[in-house]
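The values are calculated or read from the model by the stated rules, or taken from the named source; none is laboratory data. These figures come from a predicted structure and were not determined experimentally. With ideal geometry, Cβ positions are generated from the backbone for all residues, glycine too; neighbour counts draw on all protein chains shown.
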Amino acid sequence: MTVLKADIHFAGYEEKKPVIRDIGFEVGAGELVGLIGPNGAGKSTTIKTILGLLRHMEGKVQVLGDNGRYAYVPEQPVLYEYMTLWEHLELAASAYELNGPQLAERAEALLRRFRLSDARDQYPVKFSKGMQQKTMLIIGFMLEPDVYIVDEPFVGLDPRATRDFLELLESERKRGAGILMSTHVLDTAERICSRFVLVNAGTVVATGTLDEVREQAGLAPDASLFDCFDALT
């Protein structure tokens with residue numbers, strides 16, 4: 001079952017000045033799709049278009065699934081200066097109408113997993129970069145949506161937090177959530193992603209499994225994702 005479908009004819013920040021063109025792909029339930037490309041390729045614009053943040057867009061984006069909900073984990077944490085960690089979680093839960101028991105059960109389990117239980121009454125704006133990234137991951141995973149849109153999630157995470165994050169991704173895939181993840185960590189993406197969407201100069205240059213991307217890049221069956229990235233971008 002498809003949980004995210006993007007058919008973007010063009011999109012940009014100014015009228016008649018498109019930044020991306022002909023971006024089309026799907027994310028299935030239980031699938032992790034890697035959005036790959038160099039800086040300036042159009043990955044962030046693609047994500048903003050999917051989130052409905054660009055006025056100048058022609059095309060269609062559908063979030064499907066059982067509840068039609070998505071969670072967005074940005075590269076740069078979005079935090080409020082005078083709110084504690086727990087208050088951030090309460091605010092996110094209220095937007096999705098999670099009640100007290102649901103919030104407590106999910107949030108406390110995630111705080112334990114990321115070792116932030118002792119920081120629940122502290123202010124995330126004063127956290128380290130890694131702890132702020134953990135905060136955003138906790139908010140996203142707490143909501144248990146049909147679709148996750150995750151932008152450069154590994155920035156600032158230590159090895160243990162990275163392992164926790166990858167374990168949660170696998171758990172959510174088994175639950176049936178679809179995941180679109182933009183990342184430059186190609187060795188990890190090669191290991192965990194079901195399929196890939198490679199973008200360059202504002203459009204898709206290859207899409208599919210690693211074997212399919214290798215074929216589109218004209219490379220040997222043992223070529224790495226980095227080799228494909230290098231050849232196509």
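A few notes on this one:
- The C-beta contact set for the stretch 34-47 (first residue within 17 Å of ALA189 (Cα to Cα), second residue aromatic (Phe, Trp, Tyr), distance under 7 angstrom, 6+ apart or interchain) comprises GLY34/PHE196; ILE36/PHE196; ILE36/PHE229.
- Among residues of the stretch 126-143 that are without any contact (Cβ under 8 Å) to a residue 24 or more places away in the chain, those with a beta-carbon under 9 Å from a residue that is in a loop (DSSP other than H, G, I, E, B) and crowded, with 22+ Cβ neighbours inside 10 Å at least six positions away or on a different chain give the pairs MET131/PHE114.
- All strands (runs of 3 or more DSSP E) inside the stretch 148-233 with 1 or more residues being more than 25 Å from ALA6 (Cα to Cα) and out of contact with any His (no Cβ under 8 Å at 6 or more places or on another chain): none
- Test: PHE141 is buried (at least 22 other Cβ atoms within 10 Å of the Cβ), over 22 Å from ILE47 (Cβ atoms) and touching a Leu at 6+ places or on another chain (Cβ under 9 Å): no
- Pairs, first surrounded by 21 or more Cβ atoms within 10 Å (Cβ to Cβ) and modelled with pLDDT of 95 or more in the stretch 4-27, second charged (D, E, K, R) and not in a strand (DSSP E or B), C-beta under 9 Å, six or more apart: LEU4/ASP146; ALA11/LYS48
- A count restricted to the stretch 171-182 and to residues that are surrounded by fewer than 18 Cβ atoms within 10 Å (Cβ to Cβ) and within 18 Å of ARG112 (Cβ to Cβ) stands at 1.
- The sole residue among ASP146, ASP151 that is surrounded by 15 or more Cβ atoms within 10 Å (Cβ to Cβ), in contact with a strand residue (DSSP E or B) (Cβ under 8 Å, 6 or more places away or on another chain), over 19 Å from THR183 (Cβ atoms) and modelled with pLDDT of 90 or more is ASP146.
- Enumeration of residues in the stretch 196-218 that are touching a residue at least 24 places away in the same chain (Cβ under 8 Å) and not β-branched (Val, Ile, Thr): PHE196, LEU198, ASN200, ALA201, GLY202, ALA206
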